[in-house]
Amino acid sequence: MVQTNELKSRQRSDYPFFLSYRTRWSDNDQYSHINNSIYYHLFDSIINTYLIQHCQLSPTNSPRIGLVVSSFCQFFFPASFPAVLDLGLRVTTLGKSSVAYEVGVFEEGKDTPGAVGGYTHVFVDSVSRQSAEMTQDMRAGLRKLLPQDEASVKPKL
């Protein structure tokens, strides 16, 4: 796992895909900060948006689906309603049937993240739930999110 200091030093330029999110009043907790659980909703939103738009995933009828097997989030400074958040997405590990994502959460106009988190998907057959290799379209789309120096590396198991 990546160390906290490395995550904290991330910049917008480390993420090849972005999605904006306008916070809602109901996102705040009793301390007027975005509730921790909302960050996981944000991770789901950007990852699944990317998979649908760039990897030919159709959640209701794709032969393979991704199951979350691990997740994490490191918080560096709080965000609050009515902030607009820019979510940045990258892939940190791309295997044959699994992928690890990292999401940087930036307040609009800021270059350093307020939080960095993500999760790992293991792709399975949508009916049997047995582990299954990703399709070529899926891998090609996800490869675009790898850091440039790793995009040409052979896939990991």
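Where a number appears in this text, it was derived from the coordinates with a stated rule and is not lab data. Just so it is clear, the structure is predicted and the values come from calculations on it, not from any experiment. Positions of Cβ are backbone-derived with ideal geometry, glycine not excepted, and every protein chain shown enters the neighbour counts.
What fraction of the DSSP beta bridges in the chain is antiparallel, stated in percent and rounded to the nearest 5?
Percent antiparallel among DSSP bridges in the chain is about 95.
Among the GluC sites (Glu not before Pro) in the stretch 67-123, which ones are in a DSSP loop with at most 15 other Cβ atoms within 10 Å of the Cβ? Mind listing them?
The qualifying sites are 108.
When a footprinting reagent is the concern and you count Cβ atoms within 10 Å, what order do 121, 33, 41 take, fewest first?
41, 33, 121
Using helices alone, I'd like the mean residue ellipticity at 222 nm for the chain: each DSSP H run of four-plus residues gives -39500 (n - 2.57), total over residue count, nearest 500.
-6000 deg cm²/dmol
Among the trypsin sites (Lys or Arg not before Pro) in the stretch 58-118, which ones are in a DSSP loop with at most 15 other Cβ atoms within 10 Å of the Cβ? Mind listing them?
The qualifying sites are 96, 110.
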